[in-house]
Amino acid sequence: MKITGTGSVLPKKIVTNDMLSEFLDTSDAWIYPRTGIRYRHVISDEKLEDMAAEASVKALENAGIKAEDLDMIICSNVVNEYVTPSLSCIVQGAIGATCPCLDINCACAGFIYALDIAESHFKAGKVKNVLVVCAEEPSRMTSWKDRSVCVLFGDGAGAAVLTEGDNIKGIKLSAASATDKLYEKRILEPTPYVAKEEENVPLQMKGQDVFKFAVKASSGDIKYLLDKLGMDAGDVKWYLLHQANMRIINSIRDFLGQPEEKFPTNVESHGNSSSASCPILLDECNRKGLFKPGDILALSAFGAGFISGAVILEW
Ligand code: UT7
């Protein structure tokens, strides 16, 4: 398959580090050097499903195909206001598609996992056009009283249209269960048989453990693919990494020994938008005309689970 269209949407509300320091014991002087984040876009009166649909429409327009041409929609999402139906079904109705729909929750690595699922369907000859849409609202998962977590995230939606082609060179998926490092728990409906008191636990994170995992997993996934494909790091023109933290991006860059200009970023103005991060960055770079036909791109993402993945593709 190949990527033929991209789209993205950000919420209009911008929250700067200084705005956070008005109600949290934090500061730009703490946040920026540790994360590279200056501000993030946060949902206020938008609905995530509308953003997902809008990003999808932009990707379809960019690809020059119609919603009715789609053979599958894969939506990557951790949390939205509906437990059921799936977000992909909601998007399907909103954009006027009629194809099968599938939601996945692979945390921040969702875009890479969705590409792999789509690629398998292309290889099986089952599809000609697939929409992948990643829509996330981590701002609704964190406690806004917990300065160690809420400052890191922003919301958004990113989408890509995939059509037949031979542009995916390799995909590596990884998972290593470590469920106490990054998690959120929600309250389920009570039953006559559940005795224990349950409580909602907003997003919890052992930051330094996640940091170490992120650098190791992302570097490892990319290196695995490069070796498998007989390439070296210099053969890749653009590295699009999960935009969680500038220090993580720089550590992976150091490992790969590649120059800064190969690593476009938006973490400064977006924060970490979970699985939407990679496709939003991809769309922004695409619309700036950064990629030329034949360019080799490496995308890599990591997150809760722990789950990670990387893809190397030709533009
Ligand atoms: O998709 C994956 C998502 N997650 C990530 O990518 C996160 C990976 N981890 C990180 O990016 C870093 O670990 C953080 C940026 C989260 C934290 O940086 P750190 O240098 O590891 O800080 P720390 O957790 O060791 O905290 C250092 C201090 C603590 O105070 P004490 O105990 O030294 O007095 C924290 O309470 O900084 C304090 N702190 C803050 N201070 C001001 C934690 N958050 C804040 C804050 N503002 N927002």
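The values are calculated or read from the model by the stated rules, or taken from the named source; none is laboratory data. Keep in mind that this is a model prediction, so the values were computed, not measured. Positions of Cβ are backbone-derived with ideal geometry, glycine not excepted, and every protein chain shown enters the neighbour counts.
Can you find even one residue in the stretch 100-108 that is in contact with a helix residue (DSSP H, G or I) (Cβ under 8 Å, 6 or more places away or on another chain) and closer than 17 Å to T163 by Cα? Working first, answer last.
The first filter runs over the stretch 100-108 and keeps only residues in contact with a helix residue (DSSP H, G or I) (Cβ under 8 Å, 6 or more places away or on another chain), leaving 101-104, 106-108.
Of the ones still in play, those that are also closer than 17 Å to T163 by Cα are 101.
Yes, because at least one residue in the stretch 100-108 is in contact with a helix residue (DSSP H, G or I) (Cβ under 8 Å, 6 or more places away or on another chain) and closer than 17 Å to T163 by Cα.
Which one is surrounded by the most Cβ atoms within 10 Å (Cβ to Cβ), of the residues in the stretch 136-157 that are part of a helix (DSSP H, G or I) and away from the ligand (no atom under 12 Å from the Cβ)?
Here the answer is S139.
Tell me the helices (runs of 4 or more DSSP H) entirely within the stretch 1-103 that contain at least 2 residues that are touching a residue at least 24 places away in the same chain (Cβ under 8 Å), crowded, with 19+ Cβ neighbours inside 10 Å and within 16 Å of the ligand (Cβ to nearest atom). Working first, answer last.
Details: elements: 17-20, 28-35, 48-63, 87-95.
Here the list reads 17-20, 28-35.
Of all residues in the stretch 191-203 being surrounded by 10 or more Cβ atoms within 10 Å (Cβ to Cβ) and out of contact with any strand residue (DSSP E or B) (no Cβ under 7 Å at 6 or more places or on another chain), which is nearest to D283 (Cα to Cα)?
Looking at the filtered set, the residue picked out is E198.
Here are L188, L173: which of them is touching a residue at least 60 places away in the same chain (Cβ under 8 Å) and not β-branched (V, I, T)?
Numbers: L188 fails: touching a residue at least 60 places away in the same chain (Cβ under 8 Å).
On inspection, the qualifying residue turns out to be L173.
With respect to A109, determine if the residue is at pLDDT 95 or above, in a helix (DSSP H, G or I) and farther than 15 Å from E54 by Cα. Full working, then the answer.
Details: at pLDDT 95 or above: yes; in a helix (DSSP H, G or I): yes; farther than 15 Å from E54 by Cα: yes.
It is true that A109 is at pLDDT 95 or above, in a helix (DSSP H, G or I) and farther than 15 Å from E54 by Cα.
Is at least one residue of the stretch 265-272 touching an Asp or Glu at 6+ places or on another chain (Cβ under 8 Å) and surrounded by fewer than 23 Cβ atoms within 10 Å (Cβ to Cβ)?
Taking every residue of the stretch 265-272 in turn, at least one turns out to be touching an Asp or Glu at 6+ places or on another chain (Cβ under 8 Å) and surrounded by fewer than 23 Cβ atoms within 10 Å (Cβ to Cβ).
Taking interchain pairs and intrachain pairs at least six residues apart, which have beta carbon atoms under 6 angstrom, with the first residue in the stretch 114-133 and modelled with pLDDT of 95 or more and the second in a helix (DSSP H, G or I) and surrounded by fewer than 17 Cβ atoms within 10 Å (Cβ to Cβ)?
N129/D69
Name the residues in the stretch 191-222 that are without any contact (Cβ under 8 Å) to a residue 12 or more places away in the chain and of a type outside the set (D, E), would you?
T191, P192, Y193, V194, A195, K196, Q208, K212, K216
With respect to S308, determine if the residue is within 15 Å of the ligand (Cβ to nearest atom) and part of a strand (DSSP E or B).
Spelling it out, S308 is indeed within 15 Å of the ligand (Cβ to nearest atom) and part of a strand (DSSP E or B).
Determine if the stretch 187-208 includes at least one residue that is within 14 Å of the ligand (Cβ to nearest atom), touching a Gly at 6+ places or on another chain (Cβ under 9 Å), at pLDDT 95 or above and not polar (S, T, N, Q).
Our first condition is that a residue be within 14 Å of the ligand (Cβ to nearest atom); within the stretch 187-208, this holds for 203-208.
Filter again for touching a Gly at 6+ places or on another chain (Cβ under 9 Å), leaving none.
No: the stretch 187-208 contains no residue that is within 14 Å of the ligand (Cβ to nearest atom), touching a Gly at 6+ places or on another chain (Cβ under 9 Å), at pLDDT 95 or above and not polar (S, T, N, Q).
Can you name every residue in the stretch 237-253 that is surrounded by fewer than 21 Cβ atoms within 10 Å (Cβ to Cβ) and among the aliphatic types (A, V, I, L, M)?
Hit for the stretch 237-253 is M246, nothing else.
Would you check if V79 is within 23 Å of L173 (Cβ to Cβ) and of a type in the set (A, V, I, L, M, F, W, C)?
Yes.
Mind listing whichever residues of the stretch 121-135 are in a strand (DSSP E or B) and farther than 14 Å from L87 by Cβ?
So in the stretch 121-135, the residues in a strand (DSSP E or B) come out as 129-135.
Across the stretch 121-135, the qualifying residues are N129, V130.
From S218, S300, grab the single residue that is within 11 Å of the ligand (Cβ to nearest atom), outside any loop (DSSP other than H, G, I, E, B), of a type in the set (S, T, N, Q) and closer than 16 Å to I171 by Cα.
Result: S218 is the single residue among S218, S300 that is within 11 Å of the ligand (Cβ to nearest atom), outside any loop (DSSP other than H, G, I, E, B), of a type in the set (S, T, N, Q) and closer than 16 Å to I171 by Cα.
All but one of (1) at pLDDT below 95; (2) assigned to a helix (DSSP H, G or I); (3) among the hydrophobic types (A, V, I, L, M, F, W, C) hold for L226; which doesn't?
Result: L226 passes all but (1).
Considering K181, K206, K212, which residue is in contact with a strand residue (DSSP E or B) (Cβ under 8 Å, 6 or more places away or on another chain), basic (K, R) and surrounded by fewer than 16 Cβ atoms within 10 Å (Cβ to Cβ)? Explain how you work it out, then say what you get.
Numbers: K181 fails: surrounded by fewer than 16 Cβ atoms within 10 Å (Cβ to Cβ); K212 fails: in contact with a strand residue (DSSP E or B) (Cβ under 8 Å, 6 or more places away or on another chain).
Going through K181, K206, K212 in turn, the sole match is K206.
Between F255, F213, which is outside the structural domain of L48 (by TED's automatic domain parsing), out of contact with any His (no Cβ under 8 Å at 6 or more places or on another chain) and closer than 23 Å to C150 by Cα? Lay out the reasoning, then the answer.
Working: F255 fails: closer than 23 Å to C150 by Cα.
Going through F255, F213 in turn, just one is outside the structural domain of L48 (by TED's automatic domain parsing), out of contact with any His (no Cβ under 8 Å at 6 or more places or on another chain) and closer than 23 Å to C150 by Cα: F213.
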